[in-house]
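Asker: A single structure is presented below for examination.
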Amino acid sequence: MSWHITHEIMTEYRDGRLGAVTADSTDAHLIECPDCRTLATRAVDPLRRERIWDEIVDEVDQPAARWLEKGLGRLGVTAHVGRLVALAAVVRSSWLATAAAVLALAAFASHSLGTITFLVVAPLLVVIGVAMSLSPSGAPLEELEVSSPTGRLRLVVVRSSTVIVAVAATAVGPALMLDEIHAAALWLLPAVACTLLTLFLSTVSKPVTAAAVVSVLWVAAVTALEMSASTPLVSFQGPAQMVFSVLVCGLLAAMTLRRDRFDQPARKAAR
Amino acid sequence: MSGIRLTGVSKRYGRVQALDGIDLSAERGITGLLGPNGAGKTTLLRVLATVQAPDAGSVELLGHDPADAEQRRSIRRRLGYMPQEPGFYDNFTVFEFVDYIAILKQLTDRRKRHDEVREVLGLVELTAEARRKVRDLSGGMRRRLALAQALLDRPDLLLLDEPTSGLDPAQRLRFRELVSQLPNRPVVLLSTHQTEDIAAVCERVVVIAAGRVQFDGAPDALRQVAVGRVWISDRPNAQTLLSWRSGDGTLRHVGEPPSGADLVEPTIDDAYLLLSGSSGGAS
């Protein structure tokens with residue numbers, strides 16, 4: 001190396017005042033020349049150097065944000081909550097693809113069996129998703145989550161909300177295939193009620209059992225109502241939505257009373 | 001801050017009495033919980049980790065009552081817990097895993113949280129593995145990863161369930177060095193079946209068998225329990241509680257004196273075998 005960086009160039013380089021060509025060749029020279037690197041190190045304020053280094057290390061360590069986290073960030077959701085949402089078991093593409101396929105099938109079947117097929121299936125998917133995000137295989141860190149100051153109740157709420165939003169987002173496409181497109185969102189409130197009932201029952205039984213009970217109750221109740229009524233969709237329209245609202249309020253109150261139960265792991269412990 | 005205080009703590013799972021009237025208190029320093037499998041060590045640590053409420057008895061942790069939701073949260077902010085089987089999201093990288101637990105511990109400032117994550121990974125020598133997936137780690141590395149998350153944010157109460165199982169001898173030595181030199185000197189309770197761990201790092205040892213405290217005192221005091229009850233001979237004897245052939249070919253007996261045997265100095269192992277054997281809980 002026949003030349004070294006002069007004091008003037010170094011000062012301008014440090015202050016970011018060098019032209020692009022000279023700055024590039026200075027960069028290239030610094031990579032090759034340890035003497036000039038030492039000079040550059042001395043030229044920069046140590047605090048600034050430390051801060052830049054910290055930022056680089058942090059950037060390298062920062063786990064790659066998933067597409068969902070980025071999207072939530074844009075909606076104003078804080079990064080740590082975004083991460084909790086992204087970790088819900090249902091946010092895996094395999095689960096979402098299955099849900100989309102099932103909803104598409106239900107929407108397709110609704111042409112011959114009626115819109116009711118789609119409206120019954122969507123809450124069932126939510127219930128299954130919630131049970132998955134509560135069970136140890138979907139939430140393997142249960143003990144650590146329970147013993148954290150965040151608490152399991154908050155995680156359960158974050159995950160269940162994620163499930164509902166994920167199924168709703170997945171349902172948009174299939175809903176466009178429905179004949180009665182105005183009825184496409186009528187499953188939402190029942191899905192919230194079914195979710196709360198599943199969560200409530202999961203405080204006394206395994207999440208999978210709770211989900212199975214709720215699913216059977218849901219299908220049986222809708223079938224019985226639809227068969228006994230003369231107009232279709234009676235279990236979703238008008239007064240039925242009022243009943244679901246009352247049910248949601250009641251279940252929220254019951255959940256509040258039993259919130260302490262979420263502070264313990266769902267599965268039975270080993271000794 | 002104050003340490004931990006348990007009075008008459010009992011816990012039953014179905015027909016199994018996991019804890020049976022445990023009285024235990026501890027201040028800053030390392031207390032070892034020694035006992036056979038199924039003795040109730042894990043249940044005790046889960047009660048201390050506020051994961052499991054006892055059926056009976058009173059518990060006070062760091063001056064708070066875990067039965068009260070608000071006080072329980074105060075305890076959890078100062079708690080580090082390494083469960084026996086923490087469970088992992090296998091898709092996580094090492095860094096992501098510890099970062100996730102740090103989020104749960106409410107370290108919400110990203111920069112500070114990441115500094116903390118780097119620090120604990122450095123403590124357990126996993127810095128070089130930070131970007132590896134958890135599913136690609138060896139058993140020993142997973143144990144160290146579980147330990148790393150427990151050390152986040154310098155807890156005042158550190159609960160370690162079998163922290164040295166799966167570690168090789170060098171890693172075990174490193175663990176002892178690490179846990180005995182924690183700068184804020186927390187209340188540490190560690191469960192183990194390794195009497196060497198107890199002798200090496202614990203200021204105090206609590207022997208648990210069948211859900212009860214069988215011994216509580218200094219490691220040397222535990223050794224004293226077996227003074228006058230350990231013998232060697234060159235012939236087997238059916239009357240002793242336990243006997244085995246040691247490396248030099250002689251038979252070592254713990255319990256009643258066999259005929260023609262010589263009394264020897266006991267080890268912590270001997271005392272532990274005597275206590276857990278006589279309680280009927282040896283395995």
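Asker: One residue is enough: does segment B:34-43 have a residue meeting the conditions more than 7 Å from chain A (Cβ to nearest Cβ), in contact (Cβ under 8 Å) with a residue 12 or more places away in the chain, closer than 23 Å to B:L123 by Cβ and not in a loop (DSSP other than H, G, I, E, B)?
Answerer: no
Asker: Can I ask one more? Identify the single condition in (1) crowded, with 20+ Cβ neighbours inside 10 Å; (2) modelled with pLDDT under 90 that B:V213 does not satisfy, given that it satisfies every other one.
Answerer: Going through the list (1) crowded, with 20+ Cβ neighbours inside 10 Å; (2) modelled with pLDDT under 90, B:V213 breaks only (2).
Asker: Would you pick out the residues in segment B:1-20 that are more than 14 Å from chain A (Cβ to nearest Cβ), more than 26 Å from B:S165 (Cβ to Cβ) and not basic (K, R)?
Answerer: Once the filter is applied, which keeps residues that are more than 14 Å from chain A (Cβ to nearest Cβ), more than 26 Å from B:S165 (Cβ to Cβ) and not basic (K, R), segment B:1-20 yields B:M1, B:S2, B:T7, B:G8.
Asker: Which condition from (1) of a type outside the set (A, V, I, L, M); (2) buried (at least 18 other Cβ atoms within 10 Å of the Cβ); (3) out of contact with any Gly (no Cβ under 9 Å at 6 or more places or on another chain); (4) not in a strand (DSSP E or B) is the one that B:T240 breaks?
Answerer: The failed condition is (3).
Asker: Here's a follow-up. Output yes when any residue across segment A:188-201 is touching a Cys at 6+ places or on another chain (Cβ under 8 Å) and either under 16 Å from A:F118 (Cα atoms) or within 14 Å of chain B (Cβ to nearest Cβ) (or both), and no when none is. Talk me through it step by step, then tell me what you get.
Answerer: Of segment A:188-201, the ones touching a Cys at 6+ places or on another chain (Cβ under 8 Å) are none.
Checked against the condition, which is being touching a Cys at 6+ places or on another chain (Cβ under 8 Å) and either under 16 Å from A:F118 (Cα atoms) or within 14 Å of chain B (Cβ to nearest Cβ) (or both), segment A:188-201 yields no hits at all.
Asker: Is it the case that some residue within segment B:21-29 is farther than 18 Å from B:D153 by Cβ, more than 19 Å from the chain's Cα centre (by Cα), in contact (Cβ under 8 Å) with a residue 24 or more places away in the chain and more than 8 Å from chain A (Cβ to nearest Cβ)?
Answerer: Yes, segment B:21-29 contains at least one residue that is farther than 18 Å from B:D153 by Cβ, more than 19 Å from the chain's Cα centre (by Cα), in contact (Cβ under 8 Å) with a residue 24 or more places away in the chain and more than 8 Å from chain A (Cβ to nearest Cβ).
Asker: List the residue pairs whose Cβ atoms are under 8 Å apart, where the first residue sits in segment B:221-233 and is outside any loop (DSSP other than H, G, I, E, B), the second is buried (at least 19 other Cβ atoms within 10 Å of the Cβ) and small (G, A, S), and the two are 6 or more positions apart or on different chains.
Answerer: If the second residue must be buried (at least 19 other Cβ atoms within 10 Å of the Cβ) and small (G, A, S), the pairs left are B:L222/B:A271; B:R223/B:A271; B:Q224/B:A271; B:V225/B:A271; B:W231/B:A261; B:I232/B:A261; B:S233/B:A261.
Asker: Restricting the search to segment B:104-119, which residues are of a type in the set (K, R) and either within 9 Å of another protein chain (Cβ to nearest Cβ) or farther than 20 Å from B:L79 by Cβ (or both)? Let's see the steps before the verdict.
Answerer: Taking segment B:104-119 as the starting set, the residues that turn out to be of a type in the set (K, R) are B:105, B:110-113, B:118.
The answer is B:K105, B:R110, B:R111, B:R113, B:R118.
Asker: Now a separate question. Within segment A:1-86, which helices (runs of 4 or more DSSP H) (wholly inside it) include 2 or more residues that are charged (D, E, K, R) and modelled with pLDDT of 85 or more?
Answerer: Numbers: elements: A:7-14, A:20-32, A:34-43, A:46-61, A:67-74, A:79-86.
Hits in segment A:1-86: A:7-14, A:20-32, A:34-43.
Asker: Looking at (1) under 30 Å from A:E143 (Cβ atoms); (2) assigned to a helix (DSSP H, G or I); (3) in contact (Cβ under 8 Å) with a residue 12 or more places away in the chain, which is the one condition that is false for A:A253?
Answerer: (3)
Asker: Kindly indicate which of B:L123, B:L160 is farther than 23 Å from A:A79 by Cβ and touching a strand residue (DSSP E or B) at 6+ places or on another chain (Cβ under 9 Å).
Answerer: Details: B:L123 fails: touching a strand residue (DSSP E or B) at 6+ places or on another chain (Cβ under 9 Å).
Of B:L123, B:L160, the one residue that is farther than 23 Å from A:A79 by Cβ and touching a strand residue (DSSP E or B) at 6+ places or on another chain (Cβ under 9 Å) is B:L160.
Asker: Checking B:G40 against (1) surrounded by 23 or more Cβ atoms within 10 Å (Cβ to Cβ); (2) at negative phi, only one condition comes out false. Which one?
Answerer: It is condition (2) that B:G40 fails.
Asker: Determine whether segment B:143-156 contains at least one residue that is within 18 Å of B:Y89 (Cβ to Cβ), touching a Gly at 6+ places or on another chain (Cβ under 7 Å) and away from chain A (no Cβ under 14 Å).
Answerer: Yes: segment B:143-156 contains one or more residues that are within 18 Å of B:Y89 (Cβ to Cβ), touching a Gly at 6+ places or on another chain (Cβ under 7 Å) and away from chain A (no Cβ under 14 Å).
Asker: I'd like the full set of residues that are under 22 Å from B:S180 (Cβ atoms) and touching a strand residue (DSSP E or B) at 6+ places or on another chain (Cβ under 7 Å), limited to segment B:84-120.
Answerer: Passing the criteria: only B:Q84.
Asker: Show the residue pairs meeting these rules: Cβ distance below 6 Å; 6+ apart or different chains; first residue within segment B:80-95 and under 29 Å from B:L44 (Cβ atoms) and without any contact (Cβ under 8 Å) to a residue 40 or more places away in the chain; second residue of a type outside the set (K, R) and buried (at least 20 other Cβ atoms within 10 Å of the Cβ).
Answerer: B:G87/A:L141
Asker: Taking the condition of being among the basic types (K, R), touching a strand residue (DSSP E or B) at 6+ places or on another chain (Cβ under 9 Å) and surrounded by fewer than 17 Cβ atoms within 10 Å (Cβ to Cβ), how many residues in segment B:6-27 meet it?
Answerer: 1
The values are calculated or read from the model by the stated rules, or taken from the named source; none is laboratory data. Computed from a predicted structure; not experimentally measured. With ideal geometry, Cβ positions are generated from the backbone for all residues, glycine too; neighbour counts draw on all protein chains shown.
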